[in-house]
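Here's the structure, in structure tokens; my notes come after.
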Amino acid sequence: MAVSPATQEFWDTSFDRRLDRFRLLRESPPQFHDEPGGPGFWSIVRYDQVVDVSRRPETFSSAAGFTIADFPAEALAFAGSMIAMDDPQHRRFRGIVQGAFTHRSVRQIAGTIDRHVQVLIDAIPASGEFDFVDVVAGQLPLVVICELLGLPPADRDLIKRLTDQVVGNSNELFTNSPGMSPSVLEIYSYAAQLGASRKMKPSDDVITRLLRPSVAGGVEGAELTVEEFASFLILLITAGYDTTRQTLSWAAHLLTTHPEQLKLLVDDFDGHIDGAIDEIVRWASPVPYMRRTATATASVGGRTIEAGDKVVMWYLSANHDEAIFADPLRFDITRSNASRQLGFGARDPHHCLGVHLARLEVRTLLKHLMTRHPHLASTPPDLVLSAFISGIHRLPCRVDRETPWT
């Protein structure tokens, strides 16, 4: 019997071992796994099957929850936001907020991101070991999101603490489902107060624009309530901040431990950066899974799934599926089909809203990092102990004066 991916036993090991366990799962049709304290779930681990489930939202619903464990209904209402909605409610909600995260909108803050990156690069010590997550990767998305939303700089430490607690960013306490922390209530209260304040005193920021009546889904005057805004802010802060933090951390680790790939990027940054970002996301898959719930009897990979069954799409496994990605354990920024990675979703209704912002942050940081510190070196990372975060808790680095590819 294969080890259930819902358990600590599956994840409390090296990254390579985690990938090997998913490889073994891909050798069989979808399996039904035990779930601590729950009814169990189907694991969907092959690329084509993950895409199939993702693109059948009428059969595989998001409304019952997006994590392996079930949220209480009242908690899901505000902690889930649009990630736990189906159309038409999801379409309405996304229509209101997506304007703030289009490629054009994000490019307007490119200069701001560039300035923040240069400050962070300046903070890297010239000698001695430092934690890349703490000094760089954990700082940039936090600063960008707080500034984008107009959150006071004094609140950044609070936002970071609450986010870490909500998503379960720990190397000691295992979780397969974020959002169970009491901190969800605290961050929801913070967001609701912020929304109410902007309603009373509008400002020139994204928060005010999100709360302003607009045209969404063809409905004139569509707008978010303060409660809806608060739930969206939780999603934006937790998902946008943490996934970008993890992507930046993996970028530093993968490039510094693959000097031939680093040299390719340094020699032709513009020619390789888009492929590098896709390959980093493919290889690391910062969000390892999302869950759906079957609304009717359905077939996936030759298995019959009954209405009410939980179905978990393992992006980390799909992104290493040998049927799609040749030699999937190889990190290769020139991989011809890296853009097919599912780290941002399967181009389904729930495709990552913040993809343009995340890519711009990674591009900008790597541009300055490769220019200022092309010889950065890292040691083996301390991994997050979680089924929901494929992340690095700590990444010891140093500015190596020796050229790593000679």
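The values are calculated or read from the model by the stated rules, or taken from the named source; none is laboratory data. In this text the structure is predicted, and so the values were computed from the model without any measurement. Note that we place each Cβ from the backbone using ideal geometry, even for glycine, and neighbour counts take in every protein chain shown.
Among the residues here, VAL143 qualifies as within 16 Å of ASP205 (Cβ to Cβ) and more than 14 Å from the chain's Cα centre (by Cα).
Within region 47-63, residues that are among the small types (Gly, Ala, Ser) sit with their Cβ atoms under 7 Å from residues that are buried (at least 18 other Cβ atoms within 10 Å of the Cβ) and in a strand (DSSP E or B), at 6+ positions apart or across chains, in these pairs: SER54/MET313; SER61/ARG292; SER61/THR293; SER62/ARG292.
So that you can scan it fast, the table gives a plain yes or no per residue for (1) of a type in the set (Phe, Trp, Tyr); (2) more than 24 Å from ALA191 (Cα to Cα):
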position	(1), (2)
ILE44	no, yes
ASP48	no, yes
GLU58	no, yes
SER61	no, yes
PHE71	yes, no
ARG92	no, no
THR112	no, no
ILE124	no, yes
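Within region 88-116, being outside any helix (DSSP H, G or I) and either more than 20 Å from the chain's Cα centre (by Cα) or without any contact (Cβ under 8 Å) to a residue 24 or more places away in the chain (or both) holds for PRO88, GLN108, ILE109. Under the condition of being surrounded by 14 or more Cβ atoms within 10 Å (Cβ to Cβ) and either charged (D, E, K, R) or within 20 Å of GLN341 (Cβ to Cβ) (or both), the residues counted in region 21-33 number 5. Of the residues PHE93, PHE10, PHE60, the single one that is closer than 22 Å to LEU385 by Cα and either among the hydroxyl-bearing types (Ser, Thr, Tyr) or surrounded by 14 or more Cβ atoms within 10 Å (Cβ to Cβ) (or both) is PHE10. Would you check if there is a residue in region 163-181 being touching a helix residue (DSSP H, G or I) at 6+ places or on another chain (Cβ under 6 Å), at pLDDT 85 or above and under 25 Å from VAL106 (Cα atoms)? Checked region 163-181: at least one residue is touching a helix residue (DSSP H, G or I) at 6+ places or on another chain (Cβ under 6 Å), at pLDDT 85 or above and under 25 Å from VAL106 (Cα atoms).
Residues in region 145-202 that are part of a loop (DSSP other than H, G, I, E, B) and touching a residue at least 60 places away in the same chain (Cβ under 8 Å): GLY168, ASN169, SER170, ASN171, GLU172, LEU173, PHE174, ASN176, SER177, PRO178, GLY179, MET180.
Within region 347-359, restricting attention to residues that are hydrophobic (A, V, I, L, M, F, W, C) and surrounded by fewer than 20 Cβ atoms within 10 Å (Cβ to Cβ), the residue that is nearest to ARG91 (Cα to Cα) is CYS352.
Name the residue that is surrounded by the most Cβ atoms within 10 Å (Cβ to Cβ), counting only residues in region 96-142 that are charged (D, E, K, R) and out of contact with any helix residue (DSSP H, G or I) (no Cβ under 6 Å at 6 or more places or on another chain).
ASP131
Only one of the numbered conditions (1) more than 26 Å from GLU35 (Cα to Cα); (2) free of Cβ contacts under 8 Å to residues at least 24 places away in the same chain; (3) among the charged types (D, E, K, R) is not met by ARG359, and that is (2). Return yes when SER317 is buried (at least 19 other Cβ atoms within 10 Å of the Cβ) and touching a strand residue (DSSP E or B) at 6+ places or on another chain (Cβ under 7 Å) and no when it is not. Judged against the criteria, SER317 is not a match.
Residues that are in contact with a Ser or Thr (Cβ under 7 Å, 6 or more places away or on another chain), of a type outside the set (Val, Ile, Thr) and surrounded by 18 or more Cβ atoms within 10 Å (Cβ to Cβ): does region 152-162 have at least one? Checked against the condition, which is being in contact with a Ser or Thr (Cβ under 7 Å, 6 or more places away or on another chain), of a type outside the set (Val, Ile, Thr) and surrounded by 18 or more Cβ atoms within 10 Å (Cβ to Cβ), region 152-162 yields at least one hit.
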